[in-house]
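To start, the structure itself, in structure tokens.
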Amino acid sequence: MKTVYHKADSRGHANHGWLNSYHTFSFANYQNRDRTNFGVLRVLNDDTVSQGMGFGTHPHRDMEIISIPLEGDLEHKDSIGTTAVIRKGEIQVMSAGTGVQHSEYNKNKDEEVKFLQIWVFPRELNVEPRYDQKSIKEGEKINGFQQILSPNKNDDGVWIHQDAWFNLANFKKGNGKNYTLNKKGNGVYAFVLKGSAKVGDRVLNERDGLGIWDTQSFNIEAVEDTEILLMEVPMELPAYLK
């Protein structure tokens, strides 16, 4: 089993006043050639947006973009006709494909929005743009794994154009479980949302990340009550990036 450890305070950081953002991988003005991506996981941004502020309309293409709110409400509008609000307990996905423009705003005047912005390289280029969001709070599992994303339209959670599986792991102190990967050649990037846990042989604290590959399974044990996002992705980049 191979691993790469990213301590929370080693992430890139940009505070624009209205936006306070931490970058696990190279993004915008934070460029680190040793932290460009983890397999097809390209961006993991930990964003806080001030009251009444947001991202103006901007373009994307050929990327799977996932948003997971942690606090507050985020309004989404895009060029394919979608207007929606995502909240804690929901997940949003946008397949940019041949091209889409969108904006995201915190419409609340009394609270910040905190959310994860995640980009994944798709298997193929030029897919038809699409948007989806689903509630994930009904499927919450204590001391287990809750699948929130997969490549399959009929699975739990949302789906994307990539052989990726995302799970939320919610464990009470002292509990744990073994995670088995869904596909050979994939790796898992574990990102701690709250608490502390031993993942494989490494103890991770809040906002620490650990990439794991060249293994079929690994163990998670909660040092304290813990929430972890597990992002299983192919480690080999698609042919169009080679």
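Read through the labelled values [x] 164; [y] 262; [z] 122 and report the label of the one computed as volume of the Cα convex hull per residue in Å³ from the structure.
Computed from these coordinates, volume of the Cα convex hull per residue in Å³ corresponds to label [z].
What FRET efficiency comes out for the pair ASN108/THR36, r = Cβ-Cβ distance, R0 = 45 Å, nearest 0.05?
Values: r = 34 Å, r/R0 = 0.76.
The value I calculate is 0.85.
Work out the charge dipole of the chain with +1 on the Cβ of Lys and Arg and -1 on the Cβ of Asp and Glu about the Cα centre, then indicate which of SER95, ASN108, VAL223 is farthest towards its positive end.
So the residue we want is VAL223.
How big is the accessible area of LEU168 in square angstrom, nearest 10, if you roll a 1.4 angstrom probe over the protein chains?
40
In what sequence, highest mean first, do 62-72, 81-91 appear when ranked by Cβ atoms within 10 angstrom?
Working: 62-72: 19.3, 81-91: 15.2.
Ranked from most to least packed, the peptides come out as 62-72, 81-91.
List the relative contact order of the chain as a percent without decimals, with contacts defined as Cα pairs under 8 Å and 6+ residues apart.
Details: 681 pairs, mean separation 46.7, N = 242.
About 19 percent, as a whole number.
If you average the sequence gap of Cα pairs under 8 Å that are 6 or more apart and divide by the length of the range 144-236, what percent do you get for the contact order? If you can, show how the numbers build up before the last one.
Working: 245 pairs, mean separation 31.7, N = 93.
Across the range 144-236, relative contact order equals 34 percent.
With a ≥ b ≥ c the root eigenvalues of the C-alpha gyration tensor of the range 51-192, is it rounded (a/c under 1.5), prolate (a/b larger than b/c) or oblate? Before the final figure, lay out the partial values.
Numbers: a/c = 2.26, a/b = 1.22, b/c = 1.85.
Since a/c reaches 1.5 but b/c is at least a/b, the shape of the range 51-192 is classed as oblate.
Looking at ALA84, ILE66, ASN175, which one has the Cα that reaches farthest to the positive end of the dipole of the chain (charges on Cβ: Lys, Arg +1; Asp, Glu -1)?
Projecting each Cα onto the dipole axis, the largest value belongs to ASN175.
Which shape class applies to the range 144-236: rounded if a/c is under 1.5, otherwise prolate when a/b exceeds b/c and oblate if not, where a ≥ b ≥ c are the square roots of the Cα gyration tensor eigenvalues? Let's see the in-between values first.
Numbers: a/c = 2.05, a/b = 1.51, b/c = 1.36.
Prolate, because a/c is 1.5 or more and a/b exceeds b/c.
Taking square-rooted eigenvalues a ≥ b ≥ c of the alpha carbon gyration tensor, is the range 12-135 rounded, prolate or oblate, where a/c under 1.5 means rounded and, failing that, a/b exceeding b/c means prolate?
Working: a/c = 1.74, a/b = 1.09, b/c = 1.59.
Oblate, because a/c is 1.5 or more while a/b does not exceed b/c.
In the structure shown, do any of LYS2/LYS177; LYS109/LYS153; LYS7/LYS172 have a Cα-Cα gap over 31 Å, and if so which? The partial results should precede the final answer.
Numbers: LYS2/LYS177 19 Å; LYS109/LYS153 36 Å; LYS7/LYS172 22 Å.
LYS109/LYS153, as the Cα separations exceed 31 Å there.
Pairs of alpha-carbon atoms within less than 8 angstrom and 6+ residues apart define the contacts here; what relative contact order does the range 32-90 have, in percent? Please report the intermediate quantities before stating the final value.
Values: 35 pairs, mean separation 13.4, N = 59.
Here the relative contact order equals 23 percent.
The values are calculated or read from the model by the stated rules, or taken from the named source; none is laboratory data. Since we're looking at a predicted model, the values are computed, not measured. Neighbour counts run over all protein chains shown; Cβ positions are idealised from the backbone, glycine included. In case anyone asks, the SASA skips ligands and DNA or RNA and just uses the protein heavy atoms, side chains included. Shrake-Rupley method; radii C 1.70, N 1.55, O 1.52, S 1.80 Å.
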